[in-house]
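Each remark here refers to the structure printed beneath this line.
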Amino acid sequence: MEPGLALVPPSVGLAFSYVALAFGIFFFAFACKYYVAILLALLGGKGGGNGANSEGGRTNRNRNHRLAERVLNHFGGRSSDLSNEDPPPEGQYEGAEEPFISIHLPFYNERNVARRILEACINLDYSNYEILVVDDSRDETVRILREMSRRRGGPTLKFVHRKDRRGFKGGALSEALKHMDPRTEYVVVFDADFIPPPDILRQFLWYFNRQNGQNGGNNKHRLASRVLNHFNNNRGGGGGDLERRVEEWYEARRVAAVQGYQLHVLNKSENWLTRGVRAEYSGSYMVERTAEEFFGAMKMIAGSVFMVRADVLRRLGWTTSITEDWDLTIRLYLAGYKVVYTPLIQAPAEIPKTVRRLVRQRMRWAEGHTFAVKKYFWRVLRSPMLTLREKLEFLYFAPYYLQSFFFLIGSLCWLVAEALGQHPSFWTATLGWGLVLSNLFALPLMGLTGLFLEYSALQDFRGILSFIALSYIITPFQAYAALKGLLEKEEGTWIRTLKTGTITDRILRVRLRKIFGWVSPRRKRSSEERREGRRGRSSTLALILLLIMSAALASMSLMALSTPTQPQPTGEEVLNLEYLDVPVNISGVLTHRVLTLRPSSELGGGIHNDVWEPSNEGWRRVWVFYLDVPLEQDYVLTGEMDYVLYLHASRAGEVSLKFVLYDVGEDGASHKIKEDKFRGVKIGAEPGGLLNLTGGRVREYTLSPGHRIRVEVYVKGHRGVAYFLEYGSTSRPSCIRLHHLPVRRTYLSLEYSPTPVTVCNTMTNRYMTHPDFTDLGEAAHVDSLTVEDRRWHRAWSFYLYGPLEEAYTLNGRLVYRLYLHADRECWAALAIGLYDVDEVGRSERVGFSLFVRRLEGHSTERPLILVTQILRSHTFKSGHTLKIAIWIKSLRVGDMGSGAVGDEGRGPHHPISWKMEPVTYYLEYDSKERDSRVGFPGIVLPERLLPLLPLAPLIPALVWKMSVLKGGRRDE
């Protein structure tokens, strides 16, 4: 078989790998934010306040947790924002009089839910409010509104019917502003599928009064408070324009909106999709948004279940964006206002029950969100009205839906890189899996934490699996919509989400765990409450500990997968500086100065003395040294580098030295590894002066076989002073000491047997042997192949002697160390394939590499070093064996210059048109002096740990069940 593959250049595969890795790190940053939010939700408070329960709507009140208080104080004293009091019992508003509230309900063909939300709003436990419906409907909703308008008593009902849907929901809400009562101080917005609980208005008002400093509440703008108090207490002195400006500044920083928890639970048990969305919303509202409030970051108005100050809303108004809530959020922050989020204010709602409806909803969100980010991006970043934390949160919000597009691109690049088997040198399967798993667990674990905080983890656990499936289903649609929003000049249209009115779970509120107490203000508890807290504390702390243990298990497993065992340095490699009388060609450069690995005792007796006298005071590259032979194995440089030089000058004084270390590839391309600079080095004027300089540490850097080292020495001396470097003798052994780590690589020697052996049902004379079973002869065996044309010729094949006793996973580079030459100096193309051979002799190609090299015209003591690109991971099963097959193709004969011409897949630099002549190739092996062999990367990490990771989220539920059983036995 001829290797007629059109191989892809390595740079293409590397480009795909780096793109995939960049997106993987991008998603990992988001995952880290989610993990921090999870820890804050779990550790944010103990013995804190519960949300109102589903029966009485009572809000439990407890003190803040010390950790939360410290973190909040560190980030700007936010622990005082919620005051030192609790919301009043049973949601009673404590103000002197009730401010007027206008409830805005935008309708569009809501016949299934219109009556339900109107009844709920009419029966609110509040007296001073109105209900204003802006209706764009074309169905029975109009009849329902007419019936409701004939009701007597209760709050004022206003119905405004629009002839068209101009501006969609934002247009409807703008119309509502024109018709609301002039007395309105606060506006509340609900979508039609919500059912607000009776005390929700009083809960909203409590947060406004406490946050904005009424009733003795605290305010974090202490400087403004002092200035205002000064002018209020000294009216005679006059305040003038300064007082007015401070009041305006102070007013702008008051809270403008309070966002509650959109509790999507009414039909959560309807099907698998509603369960998944329920888990998603739980994680978002109970964990992610709560963490935003914790850190004082930017909070988003979510379109429903929020109260906003009427004066601010009149000033800013609504836009016609298809995500009018996000647009209003940005404009509020640009105007200097703030938004508060609390999970203690809850209103249940319906969940879209079909994939089609959910996808349309999310596409609208993705398009509108990204369009608004594009519209306001630079204004937000440049605005002085936002804090640094708020701007950082905006940067997190900015690509929120573009993540879907990035995910598709990153996944595609990953698959292409895997198919090509071309990766960066540091790329491993465990690194890839570590990024994948850490990102994969983030959202499900956040959803599970949210359900846990709501006491519904066991009941709604199946929703986590649905959530994972939904994430991948809607990804391509969100990606398209987000990209559309980024590129389009005008937003698209609003596609309504149909509401069915289905209720499968009659839940008005969810009860929150006490560990969530930091969102509720502190007060002193009674002795009875303290006893109740102590009784529940053990189970709460146990559940916290279990979740931490599960996260720790996943983290430790990932670290075990992604962090190879670090062996200790085995010693140092000494590179002696030498001078050759006859220059050698190294990577296309003729040089006399080389670095050698032979011991200093073998150096000659004559001292070579290099002299340099600077012509100016700047840095000059004076000496360059190359490693004389290519590396035959991997070297992982680490630790410090020592420079031992016999350097003196014509006049004693100080000199500055700089050493730059390079990795030189087979094609001559170099990569800078490190640089060490020494200033003010004192040197003498007598020969034999010794300098011992220790450079900085090298972060592990791998030098591949076939590569060389280049060291450049720069000097910054004084004009008129000559500098002498002595080296190349046993009396002046100037050298450089490198520290390296051992690399686990198994070298299989090529051997020949006159008597054929059977390997996996195949007869062969040529085989590869493990170092433990190698039996090399004194004289080398020589195989020859004569090529008379330009076709590929299969030369030799070698099998691993004996089947594998255990499965072996190949992941990395192969190193071929071959004593190969021809009967004349020539260029040749070498193709080497790696195969997996099963028990009956069937072969499966695993890897394939192409090289173009110049071959010597005689037997040589230096082997030909061929290093493949990183091959895609492949597991050879127990009982199988490995095979390598070598093909050769003659290139045109001629003097094409010296040095290596190219890397894998690269041809000669200069085309030659001379006539083809027969060439005989010789492969020498099976001897101690001609030990041709193949280096396979060793197995570094146990991949068995991977199946344990998906079990981590199950641990809390299992141990929670054990704790319940244990508690039951204790009660008995």
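Take I351 and decide whether it is in a loop (DSSP other than H, G, I, E, B) and surrounded by 18 or more Cβ atoms within 10 Å (Cβ to Cβ). I'd like the intermediate steps shown before the answer.
Details: in a loop (DSSP other than H, G, I, E, B): yes; surrounded by 18 or more Cβ atoms within 10 Å (Cβ to Cβ): yes.
In short, yes.
Just to be sure, is V622 modelled with pLDDT of 90 or more, in contact with a strand residue (DSSP E or B) (Cβ under 9 Å, 6 or more places away or on another chain) and either closer than 30 Å to R853 by Cα or part of a strand (DSSP E or B) (or both)? Talk me through it step by step, then tell me what you get.
Numbers: modelled with pLDDT of 90 or more: yes; in contact with a strand residue (DSSP E or B) (Cβ under 9 Å, 6 or more places away or on another chain): yes; either closer than 30 Å to R853 by Cα or part of a strand (DSSP E or B) (or both): yes.
Against the criterion (modelled with pLDDT of 90 or more, in contact with a strand residue (DSSP E or B) (Cβ under 9 Å, 6 or more places away or on another chain) and either closer than 30 Å to R853 by Cα or part of a strand (DSSP E or B) (or both)), V622 qualifies.
Out of curiosity, is L266 out of contact with any helix residue (DSSP H, G or I) (no Cβ under 6 Å at 6 or more places or on another chain), assigned to a helix (DSSP H, G or I) and open to solvent by less than 10 Å² (accessible area, probe 1.4 Å)? First the steps, then the outcome.
Values: out of contact with any helix residue (DSSP H, G or I) (no Cβ under 6 Å at 6 or more places or on another chain): yes; assigned to a helix (DSSP H, G or I): no; open to solvent by less than 10 Å² (accessible area, probe 1.4 Å): yes.
It is false that L266 is out of contact with any helix residue (DSSP H, G or I) (no Cβ under 6 Å at 6 or more places or on another chain), assigned to a helix (DSSP H, G or I) and open to solvent by less than 10 Å² (accessible area, probe 1.4 Å).
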Fill in the blank from the handout: Of the candidates K299, K375, the one satisfying the condition of being outside any helix (DSSP H, G or I), in the same structural domain as L132 (by the TED database) and either under 31 Å from the mean Cα position of the chain (by Cα) or among the hydroxyl-bearing types (S, T, Y) (or both) is K299
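Going by the conditions given, is G95 over 20 Å from W206 (Cα atoms) and at pLDDT below 80? Quick ask: steps written out before the conclusion?
Details: over 20 Å from W206 (Cα atoms): no; at pLDDT below 80: yes.
No; evaluated as a whole, the condition is false for this residue.
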Exercise for the section: For I832, work out the one condition from (1) in a strand (DSSP E or B); (2) of a type outside the set (S, T, Y); (3) in contact with a Phe, Trp or Tyr (Cβ under 9 Å, 6 or more places away or on another chain); (4) touching a residue at least 60 places away in the same chain (Cβ under 8 Å) it doesn't fulfil. Expected result: (4)
Practice task
Can you give me the number of residues within segment 738-763 that are among the polar types (S, T, N, Q) and closer than 17 Å to L923 by Cα?
Solution key: 2
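Please state which one of D772, D789 is surrounded by fewer than 18 Cβ atoms within 10 Å (Cβ to Cβ), without any contact (Cβ under 8 Å) to a residue 24 or more places away in the chain and more than 30 Å from E675 (Cβ to Cβ).
Working: D789 fails: without any contact (Cβ under 8 Å) to a residue 24 or more places away in the chain.
On inspection, the qualifying residue turns out to be D772.
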Exercise for the section: Of the numbered conditions (1) assigned to a loop (DSSP other than H, G, I, E, B); (2) touching a residue at least 60 places away in the same chain (Cβ under 8 Å); (3) open to solvent by 40 Å² or more (accessible area, probe 1.4 Å), E666 fails exactly one; give the number of that condition. Expected result: (3)
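Filter segment 841-857 for residues that are in a loop (DSSP other than H, G, I, E, B) and open to solvent by 80 Å² or more (accessible area, probe 1.4 Å) and give the result. Working first, answer last.
Pass one, segment 841-857, residues in a loop (DSSP other than H, G, I, E, B): 841-842, 856-857.
Scanning segment 841-857 gives R842, E856.
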Handout entry: Every pair of residues 6+ apart whose Cβ atoms lie under 6 Å, when the first sits in segment 338-358 and is farther than 24 Å from A297 by Cβ while the second is in a strand (DSSP E or B) and open to solvent by less than 10 Å² (accessible area, probe 1.4 Å)
Key = P348/L263
Handout entry: T868, sole failed condition from (1) among the hydroxyl-bearing types (S, T, Y); (2) within 38 Å of the chain's Cα centre (by Cα); (3) surrounded by fewer than 17 Cβ atoms within 10 Å (Cβ to Cβ)
Key = (3)
Handout entry: Filter result for L105 (under 21 Å from A310 (Cβ atoms), at pLDDT 60 or above and either assigned to a loop (DSSP other than H, G, I, E, B) or hydroxyl-bearing (S, T, Y) (or both))
Key = no
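Each row is one residue, and each column tells you yes or no for (1) in a strand (DSSP E or B); (2) assigned by the TED database to the domain that holds L580.
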site: V721; (1), (2): no, yes
site: L725; (1), (2): yes, yes
site: S731; (1), (2): no, yes
site: I736; (1), (2): yes, yes
site: E751; (1), (2): yes, no
site: T755; (1), (2): yes, no
site: T758; (1), (2): yes, no
site: M763; (1), (2): yes, no
site: Y767; (1), (2): yes, no
Exercise for the section: Would you mention how many residues in segment 849-886 are under 26 Å from R930 (Cβ atoms) and not basic (K, R)? Expected result: 22
Handout entry: Candidate set: segment 578-608, residues that are surrounded by 12 or more Cβ atoms within 10 Å (Cβ to Cβ) and touching a Pro at 6+ places or on another chain (Cβ under 8 Å); chosen: the one modelled with the lowest pLDDT
Key = S600
Problem - Which listed residue, of F231, F159, F208, is modelled with pLDDT of 90 or more and within 29 Å of E97 (Cα to Cα) - result: F159
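The values are calculated or read from the model by the stated rules, or taken from the named source; none is laboratory data. A quick note: this is a predicted structure, and the numbers were derived from the prediction, not measured. A quick note on method: Cβ atoms are made from the backbone with ideal geometry, for glycine too, and the neighbour counts reach across all protein chains shown. Heads up: the accessible areas ignore ligands, DNA and RNA and are worked out on the full protein's heavy atoms, side chains in. Shrake-Rupley method; radii C 1.70, N 1.55, O 1.52, S 1.80 Å.
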